[in-house]
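Bear in mind these aren't lab numbers, they're just calculated from the coordinates by the rules spelled out. Nothing here was measured: the structure is a model prediction, and the numbers come from that model. Note: ideal-geometry Cβ built from the backbone for every residue, glycine included; neighbour counts use all protein chains shown.
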Amino acid sequence: MNMKFKAPRGTNDHLPVDEHIWNFVEKTARKTAHTFGFHQIDTPMFEQTELFRRGVGEGTDVVQKEMYNFKDLGNNELTLRPEGTASVCRAFIEHGMHNEAYPVRLFYLGPMFRHERPQSGRLRQHHQFGVEIFGDPSPEADVEIINLGLSYLSNLGLRELTVKVNSIGSGRSREKFQEALVQYLIPFVSKFSNEEQKKFKINPIRILDSKEKNLQDIIKGAPKPIDFLEDESKEHWDSFLNILSSTIKLFDGFNYEIDPNLVRGLDYYTNTVFEIQPFDSRSAQSSVLSGGRYDNLVESIGGPKTPAAGFGSGLERAILNLMKQPEYQADTHNLNGPKLMIVPLSEKAKLKAAELAKEMRRNNISIVIGPQSKSIKGQLRYANAISAQNLLIFGDKELEINKTLIKLKFNSNSVNEQSVAIDSKKILDKLTPENEVR
RNA sequence: GUGGGCGUGGUGUAGCAGGUUAACACGUCAGGUUGUGGCCCUGAAGAUCGAGGGUUCGAAUCCCUCCGCUCACCCCA
């Protein structure tokens with residue numbers, strides 16, 4: 001057969017068997033954010049292209065070659081959001097949230113789009129849970145963000161995580177470092193690949209982050225941003241490390257390390273940057289949560305100068321890591337069958353079944369009526385296939401005496417048949433006795 | 001953008017030193033006496049073997065091209 005349509009490359013359908021895990025992860029994200037006093041904000045999935053150019057940074061890979069840009073019928077230049085922070089900042093400014101009591105705590109949950117070559121843990125449409133805290137310049141805020149991230153991951157059930165941290169400085173610290181780095185690199189530039197030369201021109205700091213083999217030795221000897229921190233940046237960094245080290249002790253099996261070469265691929269970061277990944281991984285691709293401080297972003301897209309920090313975390317990657325853990329490898333995909341299936345055996349019974357179903361659904365009981373295209377046997381087989389938890393069968397005979405048999409625990413091997421009046425209240429009582437947890 | 005692996009019914013696979021009706025498991029559907037499931041039994045539907053071209057008397061099996069999936073690199077969540 002010729003399958004005509006397929007989900008576009010790098011996108012996934014979330015099937016019913018995935019419902020459970022996705023709900024779990026999303027619920028955990030929301031709950032954890034709420035326990036830190038964060039509130040949800042949902043922004044559109046596309047924005048004016050310019051927002052990302054300015055926000056994420058003209059020189060980044062994301063902006064240069066990974067954005068889904070398009071023009072709408074009004075000739076507006078729009079882009080499917082490649083990340084969440086720029087949009088949240090835009091909304092923050094647009095709705096005057098800078099006039100609210102600081103700090104303002106926000107989180108989001110939704111799809112992001114990047115045109116890259118898909119591979120394990122990397123998609124063109126993926127989903128992120130992200131948080132942002134606005135208006136708090138203190139290192140405590142940085143740590144709160146990391147704390148929230150670790151809490152979220154640990155609530156999911158992930159173990160053995162490392163937080164990699166670094167400071168890329170800001171203001172004068174950043175300038176001085178950059179000068180030193182450029183001086184150091186100049187003699188080597190001729191040996192760089194085209195790609196690296198370009199990087200060197202646009203944003204030399206990102207050379208540190210390069211994984212190219214022939215650069216590794218050069219990078220080893222290169223100046224590091226943390227050695228150039230001074231004044232506020234220095235104070236911020238020292239204090240940050242201090243608070244972080246005591247906070248991380250509150251978590252079992254998590255640790256942190258300073259990675260002097262950690263540089264994020266998005267331009268807006270200042271001072272603190274971090275990345276969380278499982279112990280066993282080495283590639284950056286396995287990073288499950290990452291973020292940092294961005295004190296200039298709000299201003300650079302037209303808002304008032306507002307210090308801020310946040311993280312983004314890929315849900316697919318979290319799930320990928322969860323699935324690696326033994327406790328999730330077994331029974332993750334058993335769907336819950338309906339609480340009750342009704343098999344009506346006559347026209348009158350069908351009417352009655354519809355009536356019962358309506359009343360009981362009002363009590364949040366999930367009900368399926370047996371498919372009328374099938375024989376009774378077929379309907380019962382179907383009930384079995386969808387794991388109906390209880391089963392009610394009746395026809396004209398039973399309607400006359402207003403009594404029938406209900407098969408409780410139909411989907412188990414200890415079925416319990418009981419007589420019951422054909423009445424929603426009486427049936428409800430049968431469905432919620434001591435042997436059933438509602 | 002670069003490189004590796006793969007592409008057979010809904011799913012997972014077998015077949016591949018070329019040879020008549022492409023096999024198996026699971027799933028689906030229908031039956032196994034009148035209105036009662038799960039096990040079991042019987043039967044049925046369902047793939048022109050990713051697409052196109054080539055070699056050959058003959059190709060799912062060999063060659064080429066393209067497409068798709070997947071993994072890795074760059075980079076990112």
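Taking the dipole about the Cα centre of chain A, with the C-beta of Lys and Arg at +1 and of Asp and Glu at -1, give me whichever of A:Asn384, A:Phe274, A:Gly302 is farthest to the positive side.
Towards the positive end, the residue furthest out is A:Asn384.
Quick one: among A:Met67, A:Met360, A:Met323, which has the greatest mean-square fluctuation in a GNM of chain A with alpha-carbon springs under 10 angstrom?
A:Met360
For A:Leu322, what charge total do you get from the other residues with a beta carbon under 11 Å from its beta carbon, if Lys and Arg give +1 and Asp and Glu give -1?
On the way: positive: A:Arg159, A:Arg317, A:Lys324; negative: A:Glu316, A:Glu327.
Summing Lys and Arg as +1 and Asp and Glu as -1 gives +1.
Hey, with R₀ at 22 Å, roughly what FRET efficiency would A:Arg381 and A:Val415 work out to, going by the Cβ-Cβ distance, to 0.05? Let's see the in-between values first.
On the way: r = 15 Å, r/R0 = 0.69.
The formula returns an efficiency of 0.90 here.
With labels modelled as points extended 7 Å from the Cα through the Cβ direction, what inter-label distance (nm, one decimal) is found for A:Lys6 paired with A:Ser300?
Between A:Lys6 and A:Ser300, the label points sit 3.8 nm apart.
Quick one: length gained pulling A:Glu232 to A:Gln48 fully straight, 0.36 nm per residue minus the C-alpha distance? Show your work: numbers first, answer last.
Values: separation 184, 0.36 × 184 = 66.24 nm, distance 3.45 nm.
The span from A:Glu232 to A:Gln48 would gain 62.8 nm if fully extended.
Cα centroids of region A:2-57 and region A:333-370: how far apart, whole angstrom?
Value for the Cα centre distance between the two parts: 34 Å.
Output wanted: per-residue J couplings in Hz (rounded whole) for region A:341-350, from phi through Karplus 6.51 cos²θ - 1.76 cosθ + 1.60, θ = phi - 60°, x for Gly and Pro.
10, 10, 10, x, 10, 8, 4, 4, 5, 4
Using only Cα atoms, find the angle between the long axis of helix A:231-248 and the longest principal axis of chain A, and express it within 0 to 90 degrees, rounded to the nearest 10.
30 degrees
Give me the angle, in degrees from 0 to 90, between the Cα long axis of helix A:85-94 and the longest principal axis of the Cα atoms of chain A, rounded to the nearest 10.
90 degrees
Write down the percent of antiparallel bridges among all DSSP beta bridges whose residues are both part of chain A, to the nearest 5.
Of the beta bridges lying entirely in chain A, close to 75 percent run antiparallel.
Taking the Cβ of A:Tyr152 as the centre, find all other residues whose Cβ is under 13 Å away and add up their charges (Lys, Arg: +1; Asp, Glu: -1). Mind showing how you got there, number by number?
On the way: positive: A:Lys27, A:Arg30, A:Lys31, A:Arg317; negative: A:Glu26, A:Glu144.
Summing Lys and Arg as +1 and Asp and Glu as -1 gives +2.
Using Cα positions and a limit of under 26 Å, work out the lysines in reach of A:Lys201, with same-chain residues fewer than 8 apart set aside.
Within reach: A:Lys65, A:Lys176, A:Lys191, A:Lys211, A:Lys213, A:Lys220, A:Lys224.
For A:Lys403, which aspartates and glutamates qualify as cross-link partners when the Cα separation must be under 15 Å and same-chain residues fewer than eight apart are set aside?
Partners within reach: A:Glu417, A:Asp423, A:Asp429.
Among A:Arg53, A:Arg361, which comes first, then next, by fewest other beta-carbon atoms within 10 Å? Let's see the in-between values first.
Details: A:Arg53 18, A:Arg361 14.
In order of increasing Cβ crowding within 10 Å: A:Arg361, A:Arg53.
Stretched out fully, how many nm does the piece from A:Arg117 to A:Leu428 gain, at 0.36 nm a residue minus the Cα gap?
On the way: separation 311, 0.36 × 311 = 111.96 nm, distance 5.30 nm.
Value of the extension gain: 106.7 nm.
Long-range amide H contacts for A:Tyr68: which residues qualify at under 5 Å (H placed 1.01 Å from N, peptide plane, sequence gap of 5 or more or a different chain)?
A:Leu80, A:His115
So which residue, out of A:Val63, A:Val163, A:Val17, gets the largest mean-square fluctuation from a GNM of chain A using Cα contacts under 10 Å as springs?
A:Val17
Based on the Cβ-Cβ distance from A:Asn255 to A:Gln325, what FRET efficiency comes out when R0 is 25 Å, to the nearest 0.05? Don't jump to the answer; show the numbers that get you there.
Values: r = 18 Å, r/R0 = 0.74.
After rounding, the FRET efficiency stands at 0.85.
Distance from a point 7 Å along Cα→Cβ of A:Glu212 to each backbone N in region A:150-185: keep the residues under 14 Å and list them by number.
Flagged as within label range: A:185.
Could you work out the local net charge near A:Leu15, counting Lys and Arg as +1, Asp and Glu as -1, over the other residues with Cβ closer than 15 Å to its Cβ? Spell out each step's value before the answer.
Working: positive: A:Lys6; negative: A:Asp13, A:Asp18, A:Glu19, A:Glu316.
It works out to a net charge of -3.
If I build a Gaussian network model for chain A, linking alpha-carbon pairs within less than 10 angstrom, which residue out of A:Asp259, A:Asp142, A:Asp217 has the largest mean-square fluctuation?
Sorting by GNM fluctuation, first place goes to A:Asp217.
Listing A:Thr28, A:Thr432 from the residue with the fewest other Cβ atoms within 10 Å to the one with the most, what is the order? Could you put the intermediate results ahead of the total?
Working: A:Thr28 19, A:Thr432 14.
So the ranking, lowest neighbour count to highest, is A:Thr432, A:Thr28.
Return the whole-Å distance between the Cα centroid of region A:109-154 and the Cα centroid of region A:173-199.
The two parts, judged by their Cα centres, are 29 Å apart.
To the nearest 10 degrees, how steep is helix A:16-35 against the longest Cα principal axis of chain A, on a 0 to 90 scale?
The helix A:16-35 is inclined about 60 degrees to chain A.
Residue by residue through region A:124-130, what is 3J(HN,Hα) from phi via Karplus (6.51 cos²θ - 1.76 cosθ + 1.60, θ = phi - 60°)? Round to whole Hz and write x for glycine and proline.
7, 10, 10, 10, 10, 9, x
Can you compute the modelled spin-label distance between A:Gln40 and A:Ser286, with each label point 7 Å from Cα toward Cβ, in nm?
Going from the A:Gln40 label point to the A:Ser286 one covers 3.2 nm.
Read phi for every residue in region A:46-59 and hand back ³J(HN,Hα) as whole Hz from Karplus 6.51 cos²θ - 1.76 cosθ + 1.60, θ = phi - 60°, with x for Gly and Pro.
Each residue of region A:46-59 in turn: 9, 9, 4, 3, 4, 4, 6, 4, 6, x, 6, x, 4, x Hz.
Quick one: which of A:Lys249/A:Lys305; A:Lys324/A:Lys409; A:Lys350/A:Lys430; A:Lys358/A:Lys430 span more than 23 angstrom between C-alpha atoms? It would help to have the intermediate numbers written out before the result.
Values: A:Lys249/A:Lys305 34 Å; A:Lys324/A:Lys409 33 Å; A:Lys350/A:Lys430 21 Å; A:Lys358/A:Lys430 17 Å.
Violating the 23 Å limit, Cα to Cα: A:Lys249/A:Lys305; A:Lys324/A:Lys409.
Could you please rank A:Lys27, A:Lys403, placing first whichever residue has the fewest other Cβ atoms within 10 Å of its Cβ? Could you put the intermediate results ahead of the total?
Working: A:Lys27 11, A:Lys403 15.
If I rank by nearby Cβ atoms, fewest first, I get A:Lys27, A:Lys403.
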